[in-house]
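Right, one structure below, let's go through it.
The values are calculated or read from the model by the stated rules, or taken from the named source; none is laboratory data. Just so we're clear, the structure is a prediction, and the values are computed from it rather than from any experiment. Because the Cβ atoms are built from the backbone with ideal geometry, glycine has one as well, and the counts that use them run over all protein chains shown. Heavy atoms of the whole protein, side chains included, go into the accessibility calculation; ligands, DNA and RNA do not. Shrake-Rupley method; radii C 1.70, N 1.55, O 1.52, S 1.80 Å.
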Amino acid sequence: MHVPTRTCIGCRERGAATELLRVVAFIDDSGEQVGATFAVVPDLARKLPGRGAWMHRDPACMAAAARRQAFARALRIAGKPQLDALAEAITGAGS
Ligand SMILES: [Zn+2]
């Protein structure tokens with residue numbers, strides 16, 4: 001049986017799509033990127049438009065992705081990612 005897989009942008013390991021968290025870059029209402037940062041938000045329902053990236057629900061993977069600037073690369077967006085909402089989703093989802 002074929003299970004779709006995705007690659008985590010943090011640790012670069014592949015996992016079942018169901019086990020990975022989809023994240024997207026949140027751009028404000030105007031559709032314009034404001035300033036030199038962008039917010040990375042979790043797409044829990046997997047329905048947000050735009051280019052998504054996938055990662056484990058793991059703070060280590062988030063940190064690795066941030067360190068390697070994988071968010072900007074995976075989401076095709078320039079600037080520095082704001083990870084507050086994502087961090088909250090990951091740490092708040094715990095056990
Ligand atoms: Zn990972």
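Data for the structure
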{"item": "Selection status of Ala85, more than 13 Å from the ligand (Cβ to nearest atom), of a type in the set (A, V, I, L, M, F, W, C) and open to solvent by 60 Å² or more (accessible area, probe 1.4 Å)", "result": "no"}
{"item": "In the stretch 48-66, residue modelled with the lowest pLDDT [restricted to those that are more than 13 Å from the ligand (Cβ to nearest atom) and not small (Gly, Ala, Ser)]", "result": "Pro49"}
{"item": "Close pairs from the stretch 1-18: first part of a loop (DSSP other than H, G, I, E, B), partner exposed (fewer than 12 other Cβ atoms within 10 Å of the Cβ), Cβ under 6 Å, at least 6 apart", "result": "Val3/Ala16"}
{"item": "Odd one out for Ala74 among (1) farther than 21 Å from Glu13 by Cβ; (2) small (Gly, Ala, Ser); (3) surrounded by 16 or more Cβ atoms within 10 Å (Cβ to Cβ)", "result": "(1)"}
{"item": "Residue in the stretch 16-34 that is open to solvent by 30 Å² or more (accessible area, probe 1.4 Å), within 16 Å of the ligand (Cβ to nearest atom) and at pLDDT 95 or above present", "result": "yes"}
